[in-house]
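Input: a single structure, listed below in structure tokens.
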Amino acid sequence: MKQKIIHALLVFFSVCAMMSTKADVPAGHFNALMKNIKKAFNYTNKISFSSLRMSKEIFHSDLAQLDPKSLDVIADDNKAVGFLYGNSIGKIVCSIITKKYPSAAAGFFADSRLSKYLIPSFIKKYHINMADYSQKTNEFVTLNDFFKRKIKSGVRIISTAPLVSPADSAVTCIENIGTTAAKSSFTIKGTQFDLEKFLGDKKLAEAYTGGTLLIFRLAPGDYHRFHFPVTGTAEAAVRIKGNYQSVHPLAYINGINPLLENERRLIKLTYNAHATTQEECIIVPVGALFVGRMGETYTPGAEHNKGDEMGYFEFGGSTVIVLFKKNIFTIDPIIVERSLAGKETVIKMGQAVGFVQ
């Protein structure tokens with residue numbers, strides 16, 4: 001396994017280096033090169049990204065809803081991410097590839113036309129239904145172009161509930177945040193989380209004490225655009241610099257909290273909780289391993305309806321955090337119950353998440 005990971009990293013960054021120097025690939029070597037890149041791609045998928053659902057043995061998540069083929073992906077992902085975060089050699093590799101420049105190199109490759117040859121194997125690996133999307137597989141010019149693919153109109157139904165899911169993802173809910181003696185500090189998946197550090201603002205953290213935190217974790221095979229969870233007016237995004245840790249739950253188990261460490265954007269959104277009452281919520285798109293770039297597609301200062309597109313993530317799996325003040329929404333009891341049991345709930349963009357109290 002270690003040899004495979006090393007092979008993957010060497011091939012991947014060798015390709016990036018080759019492209020950065022604009023070296024030509026000899027025609028006779030092209031097929032062999034692509035074979036090695038695909039091999040590396042399969043291994044780096046195992047290293048870098050989580051599947052949508054988690055291993056039953058480790059995380060006690062329900063597997064009854066899974067396609068049997070998905071179990072192979074889960075096992076591969078857990079082994080590889082476990083190596084990166086639970087093995088001494090893996091931790092050395094992890095300390096290198098979670099920094100800015102390796103992620104930039106990954107993004108450079110994913111922006112190249114050479115990367116489009118990986119798309120078919122990616123679709124197959126994650127069982128992506130391309131009938132849901134506006135473009136055909138052969139119309140994507142790069143891997144990032146594929147990751148930012150747009151969904152067909154009407155494929156996702158926007159619920160009449162006032163609070164809906166911003167993304168295809170697996171959701172976790174944490175209620176009454178920051179009400180312990182530690183105030184803004186609490187645990188997520190067994191790892192300490194500090195709201196003040198996450199938001200980069202002490203007063204803002206205090207304003208959300210007792211509120212609700214929703215974590216929407218996107219897997220590599222998910223639709224990678226995120227949308228407005230409520231109808232409202234958003235301010236321009238504020239960048240919070242960070243690294244690019246994996247958002248896989250094994251990272252948390254090994255003491256890493258990617259929500260605190262990773263590159264992210266803070267977006268304040270004003271909305272009408274009741275007919276005459278305006279409230280503020282916070283939306284934070286968070287990058288992940290090799291996901292150094294996020295984009296916003298909304299217009300700051302303009303009102304947007306729930307379900308309107310807000311932005312996108314490039315190459316990889318990522319997370320969207322939605323934070324509400326206390327006594328605003330009642331979250332779907334199924335999501336709350338499963339979250340208290342340590343389980344994520346698979347959800348689609350536009351599905352109901354909460355109702356006004």
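The values are calculated or read from the model by the stated rules, or taken from the named source; none is laboratory data. The structure presented is a predicted model; accordingly, all values stated were derived computationally and were not measured. Remember, those area values only see protein heavy atoms, side chains included, never the ligands or the DNA or RNA. Shrake-Rupley method; radii C 1.70, N 1.55, O 1.52, S 1.80 Å.
The residues 125, 203, 150, sorted by heavy-atom accessible surface at 1.4 Å with ligands and nucleic acids left out, run 203, 150, 125 from largest to smallest. Each residue of the range 205-215 was assigned a 3J(HN,Hα) from its phi angle through the Karplus curve 6.51 cos²θ - 1.76 cosθ + 1.60 (θ = phi - 60°); the sequence is 4, 5, 5, 9, 4, x, x, 10, 10, 10, 10 Hz, with glycine and proline shown as x. Remark: the range 105-145 carries 48 Å² of accessible area per residue (probe radius 1.4 Å; ligands, DNA and RNA excluded). The slack in the chain from residue 238 to residue 150, taken as 0.36 nm per residue of separation less the alpha-carbon distance, amounts to 29.2 nm. With the whole protein complex present, residue 231 retains an accessible surface near 50 Å², based on a 1.4 Å probe.
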